[in-house]
Amino acid sequence: MSRINGNGTPESQRDPAQTRRIPTPGKATVLALGKAFPSQLIPQECLVEGYFRDTKCDDLSIKEKLERLCKTTTVKTRYTVMSKEILEKYPELATEGTPTIRQRLEIANPAVVEMAKEASLACIKEWGRPAQDITHIVYVTSSEIRLPGGDLYLASQLGLRNDVGRVMLYFLGCYGGVTGLRVAKDIAENNPGSRVLLTTSETTILGFRPPNKERPYDLVGAALFGDGAAAVIIGANPVKGQEYPFMELNYAVQQFLPGTHTVIDGKLTEEGINFKLGRDLPQKIEDNIEGFCKKLMGKANLKDFNELFWAVHPGGPAILNRLESTLKLTNEKLECSRRALMDYGNASSNTIFYVMDYMRGELKTGREEWGLALAFGPGITFEGVLVRCL
């Protein structure tokens, strides 16, 4: 079902010099990264015709609006679990007003775990150690609902130890990946010798529905969001000659903006998840981002935004543009975020790891030592980590 995209390298082929800086003793580091995607890849230029065919919508004004949105998102390609076969099996998904939460979960629950498994396997392969050496798992998703949760299914399918420590992070939305980094960092640093598998997996199945003029955000979602999974392994004090960290998680902060809980408003209904997105979201982020970044930078006595590298969750081009303008960043600083948005769309909690994957290639030049990993989501919640290139 999933197409693996990992960077597994046999230990014998690894370059011992790839870790250029010495990790800080006791600080969590990123030891490996893997990705996975559904098999169906959709070019953005093909989305509108397919979406209107699948939903049997013939409203030309809505179609023209979606065509405009598809151009402004800057997305070029996205992966999706949704397929012709699924719609043939569940035609009620394309029928307005039909209760379909049971059907959506029948599709989403196994799909997100399958993608999470494939991303985790790619990550473990790159790491180079046995899966049995994983001591904790942090599982992040806003796309499945069941008891037991996907963390247990994933641990079982990966063959992890039955005493592996499990943490579920459900329904955080776009900032969930960075929250996962913060939680994994705390676990790794407070449990000597631990190795934490952090997985994120998302699908848009719960939010798929026919276009409707009364729900304009559905069109934004159709033009912007994608499916996929990612996994990283986090641990402190890497084993020399066995583990090859590329990034250190130095300091983490979460912050919410009081009085903004309705700006991103999501509700689970009989028809799936309904979202409403306030037009003032980019402005709220712009108004508060500088102080938030300075709080993180202060831990390393950093002053100049342009001396850092930036791994920013690309919620959309407007957010990236506002951040770039407000902090007066040079053009290349958000290049990895823009590439991830272009290649995968906004894949919710996963996307920060697609950015980080592009970034580790860019950081091989060794120019910047310090950077920020940032994400924003419901709350409005800011999640950030001061990171160090190794």
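The values are calculated or read from the model by the stated rules, or taken from the named source; none is laboratory data. Here the structure is a predicted model, which is why all the values come from computation and not from measurement. Glycine also receives a Cβ, built like all others from the backbone with ideal geometry; neighbour counts cover every protein chain displayed.
General observations
- Filtered by the rule that a residue be within 23 Å of Glu248 (Cα to Cα) and of a type in the set (Asp, Glu), region 338-360 gives a lone residue, Asp357.
- Scanning region 334-390 for residues that are surrounded by fewer than 23 Cβ atoms within 10 Å (Cβ to Cβ) and small (Gly, Ala, Ser), we see that the one that is farthest from Thr80 (Cα to Cα) is Gly366.
- Which listed residue, of Ile4, Ile42, is modelled with pLDDT of 85 or more and either of a type outside the set (Ser, Thr, Tyr) or under 30 Å from Pro192 (Cβ atoms) (or both): Ile42
- All positions within region 220-262 that are part of a loop (DSSP other than H, G, I, E, B) and touching a helix residue (DSSP H, G or I) at 6+ places or on another chain (Cβ under 8 Å): Gly226, Asp227, Gly241, Gln242, Glu243, Tyr244, Phe246, Leu257, Thr260
- Hey, Asp15 within 27 Å of Asn237 (Cα to Cα), of a type in the set (Asp, Glu) and either out of contact with any His (no Cβ under 9 Å at 6 or more places or on another chain) or modelled with pLDDT under 95 (or both) or not: yes
- Long-range neighbours under 8 Å by Cβ, at least six apart or interchain, first residue over 19 Å from Thr351 (Cβ atoms) within region 304-333, second β-branched (Val, Ile, Thr): Asn306/Thr330; Thr326/Ile289; Leu327/Ile289
- Candidates are the residues of region 59-79 that are in contact with a helix residue (DSSP H, G or I) (Cβ under 9 Å, 6 or more places away or on another chain) and among the polar types (S, T, N, Q); the one that is farthest from Leu320 (Cα to Cα) is Thr77.
- Matching entry among Gly159, Gly173, Gly150, Gly180 (being buried (at least 23 other Cβ atoms within 10 Å of the Cβ) and more than 18 Å from Ala28 (Cβ to Cβ)): Gly150
- Of the criteria (1) part of a loop (DSSP other than H, G, I, E, B); (2) in contact with a His (Cβ under 9 Å, 6 or more places away or on another chain); (3) of a type outside the set (A, V, I, L, M), which one Lys303 fails: (2)
- Apart from one condition, Ser61 fits all of (1) polar (S, T, N, Q); (2) outside the structural domain of Arg215 (by TED's automatic domain parsing); (3) at pLDDT below 85; the exception is (3).
- Members of region 188-219 that are touching a helix residue (DSSP H, G or I) at 6+ places or on another chain (Cβ under 9 Å), of a type in the set (S, T, N, Q) and more than 22 Å from Tyr354 (Cα to Cα): Ser194, Asn212
- Residue within region 59-79 that is farther than 21 Å from Gly228 by Cα and in contact with a strand residue (DSSP E or B) (Cβ under 9 Å, 6 or more places away or on another chain) present: no
- Within region 95-131, the residues that satisfy the criterion of being among the acidic types (Asp, Glu) and within 26 Å of Pro211 (Cβ to Cβ) are Glu96, Glu106.
So that you can scan it fast, the table gives a plain yes or no per residue for (1) in contact with a Gly (Cβ under 7 Å, 6 or more places away or on another chain); (2) surrounded by fewer than 22 Cβ atoms within 10 Å (Cβ to Cβ):
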site: Lys35; (1), (2): yes, no
site: Val48; (1), (2): no, yes
site: Thr55; (1), (2): no, yes
site: Glu88; (1), (2): no, yes
site: Trp127; (1), (2): no, no
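- Where a residue in region 269-280 is free of Cβ contacts under 8 Å to residues at least 60 places away in the same chain and more than 20 Å from Ile145 (Cβ to Cβ) and its partner, wherever it lies, is of a type outside the set (Ser, Thr, Tyr) and in a loop (DSSP other than H, G, I, E, B), with Cβ under 8 Å and at least six apart: Gly278/Val263; Asp280/Val263
- If the condition is being of a type in the set (Gly, Ala, Ser) and modelled with pLDDT of 95 or more, then region 261-312 contributes Gly291, Gly298, Ala300, Ala311.
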